[in-house]
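Working notes for the structure below.
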Amino acid sequence: MKHFKRILSIFIAVMLVFGIAIPAVHAAPGSHVNIVGVGGDEGIFEVFYSGAWHPLSVPYWRIQDRFALAFCLESDADSPHDEGYNQTAESAFANATVRNGIKAILLHGAPNDTGGLQAGQAWYATQTAIWVWMREQAGVGKPFYTQSTVRAAAGEQATFNFYLYLLDKARNNVQSLSFGISATPSTVTLTDNGAGQLVGTTTVNFTNLNGSYSIDSTKIPAGVGVYGNTMQHGDVITVMAPLSYAGQAINMQDVLIGHDTRVPANIFWYKPGSSNFQDMVVFDYAFQPVALGSISCTSTEQPKGTLKIYKKVSDNSSPAGFQFEVKSGAGALIGNYTTDGTGVITIPNLAAGQYTITEINIPAGFIVEGWNPVTLSVWSGETTGVDFVNIKQKGQITIRKSNANPGLGSHSLGGAEFDILTSSRVFVETITTGADGIARSSMLDLGDFILVERKAPYGFVRSSTEYSVRLSTIDPDLGHATASVDIANQPQAGVIRLTKTNVNPVMGSYSLQGAIFEIRNASGTLVDTITTDSSGKAQSKQLPVGAAYTVSEKTAPYGFVRNPNTFPVSISYAGQDVAISYGDVTVGEKPQVGRITVTKRDVVTGDVAQGDATLRGAAFEVYAEDKTTLVDTIYCA
């Protein structure tokens, strides 16, 4: 039993930890609940009956799955065992005197107060006080539950005294408790914190509160903030207001709300679903608003405001390094200011009034768009902003591409790409010519630039020249500087290379020089006539690339038969870094052939016959000019 009581005491202690993990917003118990037993204690008190003192056994109950303690009103009825209970009107339980006494016991006993006892002892004393009160005032319960028949067990006098204390509260109907919450000082003096705000502090004090507190935001004026609250007694909270409240009073009536559990609203009455079981009263441990506190604020600060200067640069360049002069309406210099990388200058704590802002020392290459200086008013507690927009002067480069030799092809001028570099060779951008051969840069900072052709249009040779250009003088009509560069590109030249060969050298190793060929374009127009040299080779003049040509022989060299065929030749574009593209053709030549005829005759008669003898079968050997090379053997038929 002692081991069981120790476990139960730990459970009770956990449930009765005041103000910890108990939500301030808490729904009331339901109309139908289960009340369950959670153990009990015995032997703390003794009760006298049957002529002897016996240990008093006190069970404990609560609503299932909820931190709401249940107390028995009928000590002689059956205890609930997970029984269903229905919430019932208070008037159904005894008379008002009895009910008020029970409320007094609950408001001063467990779970709200332990009287300095262990949690289990406080629960034990509270339940015993209710039983004795019910017997004393309503005649309900076991007849020996009276003050004279209940005493403390050894060592439990403090628990018994707490039980007597609760009975006294019931007999005197002490239900009301005094609660309070306040702020010290209640009137807070707000001072300028140098950052455009009025600030002051006050300390929150509790009077007899077992809970925390909350702040009613609806009682706080617009723009005012209350910070630093941990919802505990002794909080030092900060009130912060904009400078627009300078010289004004701020009243936050009932802004602090104190919370406590010891209110009749936490007491609920339940009857069992079966009449065999005890009536129960339940204390739901929920924090309720019970006290209100107010805070007022005053400030003797003079009205002040803030001036902000916003620097913007039209091309998103860095807004740092721009300088401004600020003067009061009377012309007194407030100060000179320079923008940082944010482009924002903040000048706080300016007396409300009129000011003049002038941008000074404007950097070269920039102009101010709009008014300079600007006059405006700074208002109390407000931030007044002014924009200064600087336009960075710009320029545009135009490239005009042309064909340096239209005779070599009228190719499109579109597609030429140029890299634009700064004078220190930092890449800026790449621009591309249109079909008209013109390319324009974006708007660039003024200065010196280098143009490098990265890609030539189809059919052209890329220029290796680097072109220097400067953007400096603003055209008043355009509002920006201009620079134009004319760049002529040489079309790639095409050359047809012809090679003449002897396809049958045994028929004669004649010279290949002197062969004449005509070259015609796709429309049949003669574009060139070429003649082979001693090695049989010939080259055309420069022709447009990307075209189809034909080659035909008009005159063969001595000893050869003219080749009657027409040979097609294409000259393809060989890329932007090649000056000449070649088209090659080989033309084979056949030597002209001859035949030797031998007739055998009689030297006397000159006849092809010699009497009856035949001349058939005579053989003749044919030698080349060198007289050693046998070329053929001829037989007479």
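So for segment 82-90 (the condition being modelled with pLDDT of 95 or more, of a type in the set (S, T, N, Q) and part of a loop (DSSP other than H, G, I, E, B)), does at least one residue qualify? Yes: one or more hits.
Rundown of residues vs (1) basic (Lys, Arg); (2) over 24 Å from Ser540 (Cβ atoms); (3) outside the structural domain of Gly536 (by TED's automatic domain parsing), yes/no style:
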| site | (1), (2), (3) |
| --- | --- |
| Asn405 | no, no, yes |
| Leu444 | no, yes, yes |
| Ile450 | no, yes, yes |
| Arg454 | yes, yes, yes |
| Arg497 | yes, no, no |
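Of the candidates Ala286, Ala241, Ala291, the single residue that is buried (at least 17 other Cβ atoms within 10 Å of the Cβ), out of contact with any strand residue (DSSP E or B) (no Cβ under 8 Å at 6 or more places or on another chain) and either in contact (Cβ under 8 Å) with a residue 24 or more places away in the chain or in the same structural domain as Phe388 (by TED's automatic domain parsing) (or both) is Ala286.
Where residues in segment 356-377 are assigned to a strand (DSSP E or B) and of a type in the set (A, V, I, L, M, F, W, C), which of them is surrounded by the fewest Cβ atoms within 10 Å (Cβ to Cβ)? Explain how you work it out, then say what you get.
In the first step, residues of segment 356-377 are kept if they are assigned to a strand (DSSP E or B); the result is 356-360, 366-369, 374-377.
Now drop any that are not of a type in the set (A, V, I, L, M, F, W, C), which leaves 357, 360, 366-368, 374, 376.
Working: Ile357: 22, Ile360: 11, Phe366: 16, Ile367: 14, Val368: 15, Val374: 16, Leu376: 13.
Only one residue tops the list, namely Ile360.
Among the residues of segment 470-478, is there at least one that is surrounded by fewer than 16 Cβ atoms within 10 Å (Cβ to Cβ), modelled with pLDDT of 90 or more, in the same structural domain as Lys401 (by TED's automatic domain parsing) and over 30 Å from Lys590 (Cβ atoms)? Yes, segment 470-478 contains at least one residue that is surrounded by fewer than 16 Cβ atoms within 10 Å (Cβ to Cβ), modelled with pLDDT of 90 or more, in the same structural domain as Lys401 (by TED's automatic domain parsing) and over 30 Å from Lys590 (Cβ atoms).
Taken together, Thr398, Thr384 contain a single residue that is outside the structural domain of His480 (by TED's automatic domain parsing) and either assigned to a loop (DSSP other than H, G, I, E, B) or of a type in the set (Val, Ile, Thr) (or both), which is Thr384.
Of all the listed residues (Ser314, Ser402, Ser296), the sole one being buried (at least 17 other Cβ atoms within 10 Å of the Cβ), polar (S, T, N, Q) and touching a residue at least 40 places away in the same chain (Cβ under 8 Å) is Ser296.
Within segment 129-144, residues that are not assigned by TED's automatic domain parsing to the domain that holds Leu107 and assigned to a loop (DSSP other than H, G, I, E, B) have Cβ atoms under 8 Å from residues that are surrounded by fewer than 18 Cβ atoms within 10 Å (Cβ to Cβ) and among the aromatic types (Phe, Trp, Tyr) in no pair, counting only partners at least 6 apart in sequence or on another chain. The strands (runs of 3 or more DSSP E) falling completely within segment 182-249 that include 2 or more residues that are within 35 Å of the chain's Cα centre (by Cα) map to 225-227, 236-242. Being surrounded by 21 or more Cβ atoms within 10 Å (Cβ to Cβ) and within 27 Å of Gly385 (Cβ to Cβ): is that true of Gly305 here? Judged against the criteria, Gly305 is a match.
Residues checked against (1) within 25 Å of Thr261 (Cβ to Cβ); (2) touching an Asp or Glu at 6+ places or on another chain (Cβ under 7 Å):
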| position | (1), (2) |
| --- | --- |
| Val199 | no, no |
| Thr202 | no, no |
| Leu209 | yes, yes |
| Ile215 | yes, no |
| Gly225 | no, no |
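Only residues that are surrounded by 12 or more Cβ atoms within 10 Å (Cβ to Cβ) and within 38 Å of the chain's Cα centre (by Cα) were counted across segment 327-341, and they come to 5. Given the options Trp53, Trp61, name the one that is in the same structural domain as Arg135 (by TED's automatic domain parsing) and farther than 20 Å from Ser274 by Cα. The conditions single out Trp53.
Only one of the numbered conditions (1) in a loop (DSSP other than H, G, I, E, B); (2) under 30 Å from Phe366 (Cβ atoms); (3) aliphatic (A, V, I, L, M) is not met by Ala483, and that is (1).
Only one residue in Leu117, Leu107 is without any contact (Cβ under 8 Å) to a residue 60 or more places away in the chain, over 16 Å from Phe277 (Cβ atoms), among the hydrophobic types (A, V, I, L, M, F, W, C) and surrounded by 15 or more Cβ atoms within 10 Å (Cβ to Cβ), so which one is that?
Working: Leu107 fails: without any contact (Cβ under 8 Å) to a residue 60 or more places away in the chain.
That would be Leu117, the only listed residue that is without any contact (Cβ under 8 Å) to a residue 60 or more places away in the chain, over 16 Å from Phe277 (Cβ atoms), among the hydrophobic types (A, V, I, L, M, F, W, C) and surrounded by 15 or more Cβ atoms within 10 Å (Cβ to Cβ).
The values are calculated or read from the model by the stated rules, or taken from the named source; none is laboratory data. Quantities reported herein were computed from a predicted structural model and do not represent experimental measurements. When we count neighbours, we look across all protein chains shown, and the Cβ atoms used for this are built from the backbone with ideal geometry, even at glycine.
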